[in-house]
Every structure is written in structure tokens, then in C-alpha cells.
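Trainee: Here's a structure for you.
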Amino acid sequence: MRKILYIVGAALPSKNANSIHAYNMSKALAEYFPVVRVITQTTSNQQELELYYGSKNNATFIPSKYGILSRFFNMTLESKEADIIYTRWLWAALLLPFSKKIFYFELHSEPTSIMQKFLLLTIKKTKAKNVFISEELLNHMHEKYNIKLENSIVAHDGADAVIFQEDNEYPPVNSVGYIGSFKEGKGIDRIMKISEQLPDVTFHVFGGTKKDIVSYVNKRKNVIFHGFIAPCEIKNAMKKFHIAILPNEEKVLIKGHDIGRWTSPLKLFEYMSYGKPIVATDLRVFREILLDQETALLCDKHDINNWVVNIKIIINDPSVSKRLSMNAKRLFEEKFTWNKRVECIFNKNTNI
């Protein structure tokens, strides 16, 4: 009976996307492996986590209430009983010299600090498997850090499978929605420019702090700011809009570091899971997932009019809207559920 230890660097619960990723990965791992134990920084019990994230989770959570030291203690103790150790917390590499377990390290960006680079070097010297969030990131890490391709797997992000909404829950076709942060490069300014050109279209923006929103609110009558929503509220948010917009810039800054080249936004997969017709920036990393005119309408990052035209096409042509919606949902169900992601990662290793 395989036992897996999942070491999470993120705090649970949290408003950050990495906590949503960690919770859903632990849930999918628990459907694939008979025993999954999760080390994370939390003061919440299982029921509280399930309520916040909006889904049941069969993994067992081992709280580290006293910061990094208790996480190290739990990590060392729990690793002795595990067959497989899975993590995107680079500090877990400190276990490598003292353990013969099977290791999987997931990377969503390149290391930025000297210590992170040292930990990556430690991982590189072993037979640990590397899981990358995108082809763009894998190629970059291979070229810059000589990461071994034979030890590497690409697994894009995911979402939960969703049953289509009932007919009476469909929102007006002239409604556009964005769910996400206001961080630099996420494209909020682009939404404001697009909304100015489409006064008869309602734009619903979910996310951001009160401080973020105050500089935008009341600038456009057709833009409604709903503020931050918990993961369990996503379903109700999706009922507000017909078209999903993903207006990322080439550079997306998280804590001062650019992740735009290789980001794999969770919200993209959530939009696909709900069968939303999508308009998105034409970026190489998005083209790993989306096919223009088939699963989304990809827009020129420099041409606001291109966005306006594409949104109008979806509003005015139900056949285009339906084609994009059905194709994206079908692709999602074939490749990008959380369960499919876990299968992809572990089916690459015939020893698991």
C-alpha cells in the first residue's frame, strides 16, 4: 500500500492561488493513493478547510502551527513512514541526503534567491522527479540550469470537473467576467480600457483587496467590482457572466518576480470547466493549452480593438460561443481535471 507525504509550503487556508493549488492537489492525490498525509501551515481543522475550499478532501492534514520549525519537524518525522514524497516547497530538498524515498519536486517558477538555487542544485544531483507547470518553464530550466529532461514532467494546472449549469442559471450573453488578483501584469487596466469601448456590456470583476479596488471603482458604470471571494464561492460567481476574460500581460509580477512567461493560471482551467467562451491574451504559454478560434479567441496584447471585436463576435454569434464553450470543456475534461493531472504525473513513472 503506497503512502504519500505531500509537503506544502503555502498556508491553508489562504487567499493566494498556491493554497488553492495545494488543497486540490492533496484532494486528487487522496483519490489516487490509499494514504495521503499533508504537512502544511494551518490552524484550521479538516471541516473548516473543506468549507473554505468548497469540496471534501480525503487526505489527512498534519498542521504545523508554529511556523517553519514545526514544519521541518513534521516533515522529518512523517517522511520515515512515506513511500513517496511530493512537494513544491524547495526546502524539502534538505531531506534528500538522508532519505532513499521517491521524491517529486513541483516547480512553478525559477529559483530567485541564492538559497533556492542551492536547493535546486541539491535536487538536480539526485534522481528526484521534477514536475513543471508549463513547457515554457521546463525549457527555460533545462537551458539555464541543465535540468535533466528524462527526470522531468510537464503537468499544467487544473480544476474540478463541473456539470453544466441549468438553463435558468445562464447569465446574459453581454456579460464578461474576470476572477483573479490585481497584481501587476494580471491585466486589470486592460479590462478597464476594453469596458470603455463596450458600454452596453457588463464586466464583473472578482478579486482584489479594498485598497486595490478603490483606484478603479466608479470609473466605469458598466464595471462591477465584487471584491475577493473564497474558493467555495466560485460557482456563484460563474453564474454572473457569460464570457470569461484572461487579460494577462507578458510580465506578471509576484513579489517582484516575473512569472508571466510560464504561468499556468488556475482560473483558465476553471473557466474551461464551466464551459465559458474565453477571450485571452495571445501568449506562448497560453497556446500550450488553447487553440485560437477553437477553444478560445486569442487577442493581440497591444490592440484593444482586437479584444473588443472578439467579445462582440461571441455576443452576436451563438454558434461561435457554443463552439468555444463545448471545445474548451471537452479539452478540459480530457486533460486538465485535478485527477487527470495526478494520473499524468504518476503514470510517467512505471515504478509507482
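The values are calculated or read from the model by the stated rules, or taken from the named source; none is laboratory data. Values in this document were obtained by computation on a predicted structure and should not be read as measured data. Cβ sites come from the backbone with ideal geometry, for glycine too, and all protein chains shown count toward neighbours.
Trainee: For residues in the stretch 166-182 being part of a loop (DSSP other than H, G, I, E, B) and more than 21 Å from residue 24 (Cβ to Cβ), which is modelled with the lowest pLDDT?
Mentor: Step one: filter the stretch 166-182 for residues part of a loop (DSSP other than H, G, I, E, B), giving 166, 170-174, 180-182.
Restricting the remaining residues to those that are more than 21 Å from residue 24 (Cβ to Cβ) gives 166, 170-174, 182.
Values: 166: 56, 170: 78, 171: 91, 172: 92, 173: 95, 174: 98, 182: 93.
For the stretch 166-182, the residue satisfying everything is 166.
Trainee: Further question on the same structure: Residue under question is residue 81, and the condition is that it be under 26 Å from the mean Cα position of the chain (by Cα), assigned by TED's automatic domain parsing to the domain that holds residue 42, at pLDDT below 95 and at negative phi; does it hold?
Mentor: Criteria not met by residue 81.
Trainee: Residue check, residue 130 against (1) of a type outside the set (Val, Ile, Thr); (2) assigned to a helix (DSSP H, G or I); (3) at pLDDT 95 or above, all met but one. Which one?
Mentor: Only one criterion is unmet by residue 130, namely (2).
Trainee: Could I ask something else about it? Can you list the strands (runs of 3 or more DSSP E) lying wholly within the stretch 1-116 that have 3 or more residues being touching an Asp or Glu at 6+ places or on another chain (Cβ under 8 Å)?
Mentor: Details: elements: 3-11, 35-41, 60-63, 84-87, 102-107.
Qualifying strands (runs of 3 or more DSSP E): 3-11.
Trainee: Going by the conditions given, is residue 325 at pLDDT 95 or above and crowded, with 21+ Cβ neighbours inside 10 Å? Please lay out each step first, then the result.
Mentor: Values: at pLDDT 95 or above: yes; crowded, with 21+ Cβ neighbours inside 10 Å: yes.
Answer is yes for this residue.
Trainee: Considering only helices (runs of 4 or more DSSP H) fully contained in the stretch 222-323, which possess at least 3 residues that are closer than 15 Å to residue 159 by Cβ and not polar (S, T, N, Q)?
Mentor: Details: elements: 234-238, 266-273, 284-287, 304-316.
So the answer is 234-238, 266-273.
Trainee: Write out, first by first residue and then by second, each pair whose Cβ atoms fall under 6 Å of each other, whose residues are 6+ apart or on separate chains, and whose first residue, in the stretch 209-233, is on the phi < 0 side of the Ramachandran plot and among the aliphatic types (A, V, I, L, M) while the second is at pLDDT 95 or above and assigned to a strand (DSSP E or B).
Mentor: Close Cβ pairs (under 6 Å, with a partner that is at pLDDT 95 or above and assigned to a strand (DSSP E or B)) amount to 213/225; 217/225; 223/203; 224/204; 229/206.
Trainee: Mind listing whichever residues of the stretch 32-45 are exposed (fewer than 14 other Cβ atoms within 10 Å of the Cβ) and either in contact (Cβ under 8 Å) with a residue 40 or more places away in the chain or of a type in the set (S, T, N, Q) (or both)? Before you say what the answer is, go through the steps one by one.
Mentor: Pass one, the stretch 32-45, residues exposed (fewer than 14 other Cβ atoms within 10 Å of the Cβ): 34, 43, 45.
Passing the criteria: 43, 45.
Trainee: Turning to a different aspect of this structure: Please specify each residue of the stretch 95-113 satisfying the condition of being more than 26 Å from the chain's Cα centre (by Cα) and among the aliphatic types (A, V, I, L, M). So that I can check it myself, show each step before the final result.
Mentor: Going residue by residue through the stretch 95-113, those that are more than 26 Å from the chain's Cα centre (by Cα) are 95-101.
Listed by number, the residues that qualify are 95, 96.
Trainee: Does residue 318 meet the test of being over 26 Å from residue 184 (Cβ atoms) and either buried (at least 23 other Cβ atoms within 10 Å of the Cβ) or modelled with pLDDT under 95 (or both)? So that I can check it myself, show each step before the final result.
Mentor: Numbers: over 26 Å from residue 184 (Cβ atoms): yes; either buried (at least 23 other Cβ atoms within 10 Å of the Cβ) or modelled with pLDDT under 95 (or both): no.
No; evaluated as a whole, the condition is false for this residue.
Trainee: Let me ask something else. Can you tell me which residue is surrounded by the most Cβ atoms within 10 Å (Cβ to Cβ) among those in the stretch 285-314 that are more than 18 Å from residue 190 (Cβ to Cβ) and touching a residue at least 60 places away in the same chain (Cβ under 8 Å)?
Mentor: 289
Trainee: Given the criterion of a type outside the set (Ser, Thr, Tyr), farther than 18 Å from residue 332 by Cβ, touching a residue at least 40 places away in the same chain (Cβ under 8 Å) and loosely packed, with under 15 Cβ neighbours inside 10 Å, identify the matching residue among 196, 250.
Mentor: Details: 196 fails: touching a residue at least 40 places away in the same chain (Cβ under 8 Å).
The match here is 250.
Trainee: If residue 190 satisfies every condition in (1) more than 17 Å from the chain's Cα centre (by Cα); (2) assigned to a strand (DSSP E or B); (3) surrounded by 19 or more Cβ atoms within 10 Å (Cβ to Cβ) but one, which is the exception?
Mentor: Only one criterion in (1) more than 17 Å from the chain's Cα centre (by Cα); (2) assigned to a strand (DSSP E or B); (3) surrounded by 19 or more Cβ atoms within 10 Å (Cβ to Cβ) is unmet by residue 190, namely (2).
Trainee: Output the number of residues of the stretch 211-259 satisfying the condition of being modelled with pLDDT of 95 or more, under 21 Å from the mean Cα position of the chain (by Cα) and under 15 Å from residue 187 (Cβ atoms).
Mentor: Number of matching residues: 5.
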